[in-house]
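To start, the structure under review is shown below, and the notes come after it.
The values are calculated or read from the model by the stated rules, or taken from the named source; none is laboratory data. Please read these numbers as outputs of a predicted model, since none were measured by experiment. In this analysis, Cβ positions are derived from the backbone assuming ideal geometry, glycine residues included, and neighbour counts consider all displayed protein chains. Note: areas computed on protein heavy atoms with side chains; ligands, DNA, RNA excluded. Shrake-Rupley method; radii C 1.70, N 1.55, O 1.52, S 1.80 Å.
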Amino acid sequence: MEQKEQNVKLFITDELELFLDAESMMNDDVENLCKLFGIERKNRDGMKILLESPGFNDIQDAEIWVRDQPFWKPKVRFANMPTLFGDAFRKIKVKELREIRDSLLNDEDAVGGLQYAKTIITDHRDKADAQDYYTCGCCCAFFDDDLAAQNCFAEALRLKPDFYECMIDQGMNFLKLGRESEAFKLLKQAFQHLDPTGPVWFQVGRYHLEKGNLAKGISAYRQAVALQPELGDEEIILAKEDGPIKISHIIAQNASIGELSQEEVLS
């Protein structure tokens with residue numbers, strides 16, 4: 001069977017958004033890539049180039065280039081991520097799908113990992129377990145798809161109520177959604193069984209400082225740096241500061257603030 005020639009050009013703007021040029025053919029591969037990156041098609045000819053930037057004539061080369069861009073995450077959402085389709089995928093067992101998913105995630109291919117993760121929990125729902133939902137939730141959280149992550153974490157906890165790692169991630173996700181009481185309730189429950197890590201305390205500290213809870217924020221940051229000293233070099237932006245400030249400097253500037261207990265920080 002003769003393969004149709006692809007006429008595809010993808011572009012990245014300096015706002016780090018993906019665009020398809022107006023000369024690209026809207027074949028199945030292009031349509032799927034548009035869905036993958038959350039692009040809305042304006043017409044059958046493609047999307048107009050908004051800014052000059054590297055272009056490609058091969059869809060695979062373009063996707064690889066996109067994924068390699070530093071500090072760039074495509075606008076991936078659980079809802080528009082296409083599941084794997086075709087006879088070949090229907091014959092693959094869930095165990096094999098999990099192995100490929102985990103291999104992609106180990107290679108830091110979050111887009112591919114999410115596609116396999118979604119396929120497992122939507123097309124093989126009767127065989128999906130708590131770990132499958134948790135992994136999918138983590139992929140959604142990576143792309144800041146917080147509501148989808150919340151739903152995945154909730155299902156994981158329904159299937160496995162003592163899934164403490166999932167409790168922590170759901171708690172952190174609730175903080176991003178502003179659901180403070182639910183977040184701290186989950187974190188306190190999980191911390192009865194698992195020790196909090198430096199990054200968790202770091203996020204709790206940032207949340208409290210953004211809310212103006214200085215004492216709680218400083219105590220959380222102290223815990224974070226005690227567990228993972230390199231976090232002291234991380235920078236955040238505070239309203240009263242002219243620019244980014246290191247966590248270690250924030251702690252030093254507030255040395256007079258007394259230490260709060262874990263219970264007090266999470267209340």
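Brief remarks follow.
- Ranking of K160, K75, K95, K118 by solvent-accessible surface, largest first: K95, K75, K160, K118 (1.4 Å probe, protein heavy atoms only, all chains present).
- Label separation (D144 vs L194): 2.4 nm, computed from points 7 Å beyond Cα along the C-beta direction.
- For region 143-267, the Stokes-Einstein estimate of translational diffusion at 10 °C and a viscosity of 1.306 mPa s comes to 106 µm²/s, using the Kirkwood hydrodynamic radius over alpha-carbon pairs.
- Taking every protein chain into account, the 1.4 Å probe leaves F142 with about 100 Å² of accessible area, to the nearest ten.
- Gap separating the Cα centres of region 103-159 and region 222-267, nearest whole Å: 32
- Solvent-accessible area, 1.4 Å probe, carbon plus sulfur percent, for region 120-202: 50
- For peptides 130-137, 252-259, sequence by mean Cβ density within 10 Å, most packed first: 130-137, 252-259
- When peptides 106-115, 227-236 are sorted by average Cβ neighbour count within 10 Å, with the highest value leading, the order is 106-115, 227-236.
- Solvent-accessible surface ranking, highest first, for W201, W65 at 1.4 angstrom: W65, W201
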